[in-house]
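Step one of this worksheet: look at the structure below.
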Protein chains: 2
Amino acid sequence: MNRRRLLTPGPVELHPRAVEALSQPQVHHRTEEARLQFLEAARWLKEAWGTQGKVLLLTGSATAAMEALVLNLFQPGEEVWVPVYGKFSERWAEIATAAGLKVVRQDLEWGSVPTPEDIQELPGSLAGALLTHSETSTGALLDLPSLAAALRARFAEARIAVDMVTSLLVSPVGLEAWGVDAAVAGSQKGSMCPPGLSYVALAPRALAELRARGYYLDLSRELRAQERGESAWTPAINLILAVRAVLAEIVPAREELLALRQAQIEVIYRAGERLGLRPVPERKSPAVAAFWLPEGVTYAQVKEAFARRGAIVAGGQGRLQGKILRLSLMGYSDLYDALVVAQMLEEVVGELA
Amino acid sequence: MNRRRLLTPGPVELHPRAVEALSQPQVHHRTEEARLQFLEAARWLKEAWGTQGKVLLLTGSATAAMEALVLNLFQPGEEVWVPVYGKFSERWAEIATAAGLKVVRQDLEWGSVPTPEDIQELPGSLAGALLTHSETSTGALLDLPSLAAALRARFAEARIAVDMVTSLLVSPVGLEAWGVDAAVAGSQKGSMCPPGLSYVALAPRALAELRARGYYLDLSRELRAQERGESAWTPAINLILAVRAVLAEIVPAREELLALRQAQIEVIYRAGERLGLRPVPERKSPAVAAFWLPEGVTYAQVKEAFARRGAIVAGGQGRLQGKILRLSLMGYSDLYDALVVAQMLEEVVGELA
């Protein structure tokens, strides 16, 4: 027998505090107990992001949070730069197009990331940029501080919104400190909770730029409600209690957590590279290790070989489907788990290659 | 000591199958196990609604599902009838206005419901109607079969969308059988699960009328993904597993369940009326009993008196705030619980009035 292991880049293995919170009787969201926990969850997220602005919790996936940022920070017709280097950066382009923005799309090799040089090519009228910090589909990590600084140098007023879905509580993040105006993340990644909640972080500059748009995703309405620990619409309160319980443990110890994530990913990449596997990303995110499949080996074979060992892994998405393998320990896991993943990888490659 | 009782019209006491499902290790949504459960949950909901169309599960509150229907079934500028008789029917009007529809709003006394006579007054060019079956803010139940038939008789092509948030699995519902094209509901009411998931039911006529709109709430995209047990965006899969587990028990026994809900509400109303309390609704929904507060008694006093007995109750919303008391047993409860509520009500009124 092998125990079941979730090695996917979200959903992830749950933190025990999340399971505890989710096993409780139903709590009503309009009670003092719920309001205090709601406010505490938002406070921990503000601390994790290091922002003096606000963090909102939305009931919906991170895609909802991305759309909320596009709708509430930009007007139809405005020009935004969207570099596309994976499935999630491509999602920004789709959302912006659906919202009627003029998308200045720049297609890059999947696995690479945009650099400050790319900014020199852009048109002069840019209203903002939609960026992906950790591109989960390729395992690539953007050098966000440099890119945001370069953007800001050329477009002082640009609104910069960033998908930090797999960087928050996985890799260092910044909002004001990095010149980023707004960011999103979700409950099923670095917060080690089930999916269903997303987070929207708004730096003071973004708060000043907010315009009410839509209904369910109207962030101005959420801001008014969440000031007092409520939400505009019935929230997934059980998940909020779970998130609060986990954040209260992991945010105060986040330096150690980020160091662990970095150490884990290095163990996995080292194991893969020793076996001759080629990494997909040019700049590695600690959220997920991505390898090109060896010649003559299919993803179905790899998936099945891991499954025989109790592990659920992830393959490629979009144009990388069937071409890569992705392994993640973003959830409740330690360095010993990285050794287990390395061992499994060695066994699987030995068996198939 | 009193045990804690949730007497609010959502969230409600959880079904034990929901708590069981939510205490499990994380399941990945892109696995065969998850796909089968997703499809089964949708099948049970189709059966509960009695439709030959489709039921979609969305990660978001029922407000998201309402907005999805408005966006995907109507075009900006189209005229829709929205009778307003409580907070949730008013929400339809707000959503339709935000979506750029022309709202033919008819304000009724809160506690009453629109009737077939109201339809004679309407303009001739109506594209559809947005109705609320069980108006949770007043405890009123619409005579939906009669109203939909009258609408259909005058406007053969009208698209009729109905909020069935607190009628699905609480009171009899119908889609094609009643001439209704689409409906929404949420996980934290008759399905006895936590909040965070909403359901969209589409009769065959609505499926034919669907137009892609927005991004997160684009139902055409959801339809394509949910055909195979997936969803367009990462779903609240833990909640879907909980919903499936509960529905598998309650949907096959739904006749008995609806009879219980009716019997419970009668016990509570009888107790209140015996104590001289006046019901708010003219036509009573089995989802929630609503009473006007006795002269000289504040809602804060009532709430506190129930709280001393371990019970969390609900007051009025919007213009009814501070004026009414609402009591519900929509969750995991039986007829003995209705006797407990009646007993508490008697004690509280005896103490305060």
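The values are calculated or read from the model by the stated rules, or taken from the named source; none is laboratory data. Because the structure is a prediction, the values reported are computed rather than measured. Note that we place each Cβ from the backbone using ideal geometry, even for glycine, and neighbour counts take in every protein chain shown. Protein only, heavy atoms only, side chains kept; ligands, DNA and RNA dropped before computing areas. Shrake-Rupley method; radii C 1.70, N 1.55, O 1.52, S 1.80 Å.
Name the residue that is least open to solvent (accessible area, probe 1.4 Å), counting only residues in the range B:318-336 that are out of contact with any helix residue (DSSP H, G or I) (no Cβ under 7 Å at 6 or more places or on another chain) and either assigned to a helix (DSSP H, G or I) or free of Cβ contacts under 8 Å to residues at least 24 places away in the same chain (or both).
In this case the residue turns out to be B:LEU320.
Yes/no per residue for (1) more than 14 Å from chain B (Cβ to nearest Cβ); (2) without any contact (Cβ under 8 Å) to a residue 60 or more places away in the chain; (3) open to solvent by 40 Å² or more (accessible area, probe 1.4 Å):
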{"site": "A:ALA41", "(1), (2), (3)": "yes, no, no"}
{"site": "A:GLY50", "(1), (2), (3)": "yes, no, yes"}
{"site": "A:LEU69", "(1), (2), (3)": "no, no, no"}
{"site": "A:LEU73", "(1), (2), (3)": "yes, no, no"}
{"site": "A:ARG105", "(1), (2), (3)": "yes, yes, yes"}
{"site": "A:LEU126", "(1), (2), (3)": "yes, yes, no"}
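Inside the range B:269-317, can you point out the residues that are within 14 Å of B:THR138 (Cα to Cα), without any contact (Cβ under 8 Å) to a residue 24 or more places away in the chain and open to solvent by 30 Å² or more (accessible area, probe 1.4 Å)?
B:ARG278
Among the residues of the range B:200-223 satisfying the criterion of being away from chain A (no Cβ under 14 Å) and outside any helix (DSSP H, G or I), which is surrounded by the fewest Cβ atoms within 10 Å (Cβ to Cβ)?
B:LEU210
Got at least one residue in the range B:186-198 being assigned to a helix (DSSP H, G or I) and at pLDDT 95 or above?
no
Keeping to the range B:52-63, report how many residues are touching a helix residue (DSSP H, G or I) at 6+ places or on another chain (Cβ under 8 Å), hydrophobic (A, V, I, L, M, F, W, C) and within 12 Å of chain A (Cβ to nearest Cβ).
Total satisfying the criteria: 2.
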